[in-house]
Amino acid sequence: MDKIININNVIKDYGQGDVIVHALRGITLSLECGEFTSMAGPSGSGKSTLLNIIGGLDKPTTGSVEVDGRDVVSMSMAQLSHLRRNRIGFIFQNYSLIPVLTAYENAEYILVLQGVSAKKRNERIMDILKEVGLDGMENRFPRELSGGQQQRVAIARAIAPEPALVLADEPTANVDSKTGGALMDLMRKLNEEKGITFLLSTHEKIVMERARRLFVLKDGLIEFDGSPKEGINIA
Amino acid sequence: MLSIRLAWRNLWRNKRRTLITLLALAVNTAVLITTFALMDGYIENAVRYATDLLTGEAQIHANEYLEDHSLYKTIDNPDEIIAKAKSHGINASPRVYGFGLLSVGNKSAGVMFEGVNPELDKQAFTLHEHLQGDGRFVSNKADKGMVLGKKLAKTLNVKIGSEIIAVVQAADGSLGTDIYTVSGILKTAGEKLDRSTAICHIDDFRELFVMENAVHEIALNSFRGVELEEIKPLLGTTIDGLEFKTWRQLNPSLSQMVDMSHVGMGIFATIFFIVAGLGVMNTMLMATYDRIREFGILKAIGTSPMAIIRDILVEAMMMSVIAICIGFVLGLATSYYLSIHGIDMSGVGGDVTFAGIAFDPIWKAVIHPASFIEPMAMMCVISVLASIYPAVIAARLKPVEAMNHV
Ligand SMILES: Nc1ncnc2c1ncn2[C@@H]1O[C@H](COP(=O)(O)OP(=O)(O)OP(=O)(O)O)[C@@H](O)[C@H]1O
Ligand SMILES: [Mg+2]
């Protein structure tokens, strides 16, 4: 299988002079297409930093990052924007929906930018909303949805453009564990049905145990990489 | 269109802020439109008074007549010119002028005698309506009646019906003298006319000055039926060898005032545009600042900077179009009211004169659609331009930093 993510010796330092923070100290990592991987580690260990670098939202200080076969580090802003729009879905912790757009419209936004026809958009979004369990809620605004439902919209928005990779930074951090478990089941299902690769960061066991692979970051280094069963105790 | 819906809803997220900006823009537009309508009215009124009272849209004289007003520089073919003008719907009034003295008892004054053909003059000009009280204009038949300027009548201390003696040096060198009766006194009509003009029948004038058939001036007026630039070509060869001057050449100070007022309107509009632009920029900056996190998210999920700029510009465009439409209706209503009722300036300073010409103390607006379209379109363009700056700020946000913004 092809590698969707291929990272080699990535270092990320923040700040300058005396107050340098070494967020990542040399990460080498690769993900195959179709993987469902979670990333754990204490607060400040560099999880968000790594996800941002993979998503082209931030540049590494040194090291190489390839996503979907392309060198992300050397890409221009416009190229990165294009890559994110077409190949990468993002799910953030919370409140990441546009408040003035309905569930349907939030999911539709990127499809419009992609130039998908109105008819196709409609078919695809209605399907996806049904799939994420928001049947009949397409016209609700984010404020009219629960936290879990909002995250379902965020998941719908991330997968509607049919990306190859979804990056999720603590997607269940702001919902109760039951809802979190349901969200995980949903993402796992999408991964299996559509073959979309998922990489999630988390603090929670419910996320780790549902992943097929788990790696643990500590102080900007990968401390463990393997099956969730073994890693869950380290994290 | 999702982009339109997004912009529309974003516009109303902060209702009060949007309404205030909207109102300011609308009032701005309304004031601009009303001001333009008033200025157009002012200019048109001034030009109308300058031309319709007695000057005309254009005048024809013998070569160099205007330089010395010599009695002997006459037009040879007045009837031909008048007929030609008439055939194109241009009214024409032949006139003769001569200096002389008017006296009553022990009072006397130097005057400019003006002989007119009352029938033709009434068709072409409004001077015959510009009389005080129950005075009459010069009769169609020569009867030694005379119309005097307001101040001249005062100087001579005469009333309607008073007899006055005219003394002139005639064209043949002899002393011409005759007795006239004051038939009318003009209302204020500008300094020259008020102080020193005495109007009589052209035949009476010719008798007094011993000048058979002489004409010094043909004043033309179509009441704007014919474009100023077209008058001369229409007269063709009939005016060969004669001097043709439009009112703009005859009254350069008024002509300049008209041009200047257009410049003034331009400056005025520019100030308004700047104020409107700053208002829009401020509102859009605040709106952008409120939504930094959202722009960060949108950029993170792959929205291009151009798409973000577009979304903000659409929003600004909507706001300005709404405001301008409201302002347009308001401005039009006000202008319409002022075009009917006008502003009474008589309380402000009595007689209103402009470049030496007196005119109606009721200042009325004139609605010229062409005068509004441009400022309205301009206002729209300015609003969009003013939101480019906030839009670019939003478009250049770094996604991660923007998302962490609270
Ligand atoms: N923009 C920044 N400027 C300076 N330091 C930063 C910046 N972003 C992150 N850091 C630092 O880099 C380190 C890694 O941060 P990161 O957010 O990646 O951790 P994390 O694993 O996501 O933590 P959490 O579980 O709390 O989300 C931290 O020490 C953090 O303070
Ligand atoms: Mg984090």
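Here are a few things to note about the model shown:
- Spatial separation of Cα centroids for the range A:118-151 and the range B:244-311, in angstrom: 41 Å
- Cβ-defined net charge surrounding residue B:176, 12 Å radius [Lys, Arg +1; Asp, Glu -1]: -3
- Per-residue SASA entry for residue B:139, accessible area with 1.4 Å probe, Å² rounded to 10: 30 Å²
- Kirkwood Rh, Cα atoms: Rg over Rh of the range B:141-206: 0.98
- Positive dipole terminus of the protein assembly as shown, leading residue within B:29, B:70, B:193 (C-beta point charges): B:29
- For residue A:49, solvent-accessible area (1.4 Å; no DNA, RNA or ligand), Å²: 20 Å²
- Length-normalised contact order for the range A:1-122 - Cα pairs under 8 Å, 6+ apart - percent: 23 percent
- Of all DSSP-defined beta bridges confined to chain A, some 55% are antiparallel rather than parallel.
- In the complete set of protein chains, residue-level accessible area for residue B:274 is approximately 100 Å², probe 1.4 angstrom.
- Sorted largest first, extent of the protein assembly as shown alpha carbons per principal axis (Å): 135, 54, 43
- The mean count of C-beta atoms from other chains within 10 Å of the C-beta of residues in A:94-106, rounded to a whole number, is 4.
- Loop-located chymotrypsin sites (Phe, Trp or Tyr not before Pro) in the range B:44-151 (DSSP state other than H, G, I, E, B) with a sparse environment of at most 12 neighbouring Cβ atoms within 10 Å: B:72.
- log₁₀ of I(q)/I(0) at q = 0.19, 0.22 Å⁻¹ - the range A:3-130, Debye sum with one point per alpha carbon: -1.17, -1.33
- Chain B: translational diffusion in µm²/s, Stokes-Einstein, Kirkwood Rh over Cα pairs, 20 °C, 1.002 mPa s: 84 µm²/s
- Percent carbon-and-sulfur accessible area, chain A, ignoring ligands, DNA and RNA, probe 1.4 Å: 47 percent
- For chain A, fraction of C-alpha pairs farther apart than 24 Å, in %: 44 percent
- Among the chymotrypsin sites (Phe, Trp or Tyr not before Pro) in the range A:1-99, none is located in a DSSP loop while being surrounded by at most 11 other Cβ atoms within 10 Å of its own Cβ.
- With a cut-off of 12 Å between beta carbons, the residues surrounding residue B:88 carry a summed charge of +1, where Lys and Arg count +1 and Asp and Glu -1.
- In terms of accessible area, using a 1.4 Å probe and ignoring ligands and nucleic acids, A:206, B:343 rank largest first as B:343, A:206.
- Principal semi-axes in Å for the range A:141-210 [√(5λ), Cα gyration tensor, largest first]: 18, 16, 10
- Calculated log₁₀ intensity ratio I(q)/I(0) where the Debye formula runs over C-alpha points of the range A:84-176, q = 0.16, 0.18, 0.23 Å⁻¹: -0.57, -0.73, -1.20
- Its Cα gyration tensor gives the range B:64-240 an equivalent ellipsoid; the semi-axes, largest first and in whole Å, are 28, 19, 13.
- For the range B:1-151: relative contact order, % (alpha-carbon pairs under 8 angstrom, 6 or more apart): 15 percent
- Estimated dipole of the range B:64-240 in Debye, rounded to 20 [Cβ of Lys and Arg +1, of Asp and Glu -1, Cα centre]: 860 debye
- Between the Cα long axis of helix A:118-131 and the first principal axis of chain A there is an angle of about 70°, rounded to the nearest 10.
- For the range A:12-48 versus the range B:168-213, the inter-centroid distance based on Cα atoms is 106 Å.
- Shielding by partners for peptide B:291-301, expressed as the average number of C-beta atoms from other protein chains within 10 Å of each residue's C-beta, is 6.
- On Cα atoms only, tilt of A:177-194 relative to the major axis of chain A in degrees: 90 degrees
- Whether the range B:1-139 is rounded, prolate or oblate, judged on the alpha carbon gyration tensor where a/c under 1.5 counts as rounded: prolate
- Cα gyration tensor category, rounded, prolate or oblate, for the range B:155-265 with a/c compared to 1.5: oblate
- Of the GluC sites (Glu not before Pro) in the range B:1-75, the ones in a loop by DSSP (not H, G, I, E or B) with at most 15 other beta carbons within 10 Å are B:64.
- When the accessible areas of A alone and B alone are added and the area of the pair subtracted, with a 1.4 Å probe, the result is around 2100 Å², both sides summed.
- Counted charge near residue A:170, where neighbours are those whose Cβ lies closer than 9 Å (Asp, Glu -1; Lys, Arg +1): -1
- Legend: mean number of C-beta atoms from other chains within 10 angstrom of residue C-beta atoms, peptide A:107-118, equals 3.
- Among B:69, B:128, the order of accessible area from largest down is B:69, B:128, computed with a 1.4 Å probe on protein heavy atoms.
The values are calculated or read from the model by the stated rules, or taken from the named source; none is laboratory data. As the structure is a computational prediction, the values presented were derived from the model and not from experiment. Note: ideal-geometry Cβ built from the backbone for every residue, glycine included; neighbour counts use all protein chains shown. Accessible surface is based on the protein model in full, side chains and every heavy atom, while ligands, DNA and RNA are left aside. Shrake-Rupley method; radii C 1.70, N 1.55, O 1.52, S 1.80 Å.
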